[in-house]
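The values are calculated or read from the model by the stated rules, or taken from the named source; none is laboratory data. Everything numeric here is computed off the predicted structure, so don't read it as measured data. Reconstructed Cβ throughout: ideal geometry from the backbone, glycine too, with neighbour counts over all protein chains shown. Protein only, heavy atoms only, side chains kept; ligands, DNA and RNA dropped before computing areas. Shrake-Rupley method; radii C 1.70, N 1.55, O 1.52, S 1.80 Å.
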Amino acid sequence: MKTTDTDSAHWYALYTKSRAEKKVLDQFIQMGIKAYLPLKRELRQWSDRKKWVESPVINSYIFIKIPLNDYKRVFDVRGVVAYVSYKGKAVIIPEREMEAMRRTVDNKLSFSVETGEIKKGQTVTVTSGPLKGVSGTVTDIRGQKKLYLSISQIGYTLVVNLDNDTVTEKSANE
């Protein structure tokens, strides 16, 4: 029973039980549902050893792309708690915001910004480098090395360390 209707599919965020994100991801993959779990690699210290582990970028969240007719099917997965919702309706996450998160997490690369004319509240687009084409709203600028891009639908902000790329203000007709 594989999901095939990708034209009408949208991205949604799901809350999971604590520390169940990877198990939930595996179950979605087995069901044929497109899922994304952003992971970061970090060095963990135990009393007797150190070890590199992959942990979720956002604890208790997983992202899925499904058509509306599979809306209730996600609750067949053990560990899923609820959709991230607003006024009782699951929030659709725009494809561009998912792509921005995916590129930021997957590339693990630093990039830079020309901060001269970029202001808080502006919508900007990265014009070169691994994040080329990614748009987001600038929620904060700290010095010349950090740009905060909002993923508005789930209330999180990507903090991007800057080094080699350029961003430009997105024009009103884009």
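What do you reckon, is D106 modelled with pLDDT under 95 and more than 28 Å from V138 (Cα to Cα)?
no
State the number of residues belonging to region 91-105 that are under 13 Å from L14 (Cα atoms) and buried (at least 19 other Cβ atoms within 10 Å of the Cβ).
Final tally of qualifying residues: 1.
May I ask you to list the residues in region 55-78 that are more than 16 Å from the chain's Cα centre (by Cα) and open to solvent by 10 Å² or more (accessible area, probe 1.4 Å)?
Across region 55-78, the qualifying residues are L68, N69, D70, Y71, K72, R73, F75, D76, R78.
Quick check on region 7-39: of everything there that is touching an Asp or Glu at 6+ places or on another chain (Cβ under 7 Å) and in a strand (DSSP E or B), which residue is surrounded by the fewest Cβ atoms within 10 Å (Cβ to Cβ)?
Result: L39.
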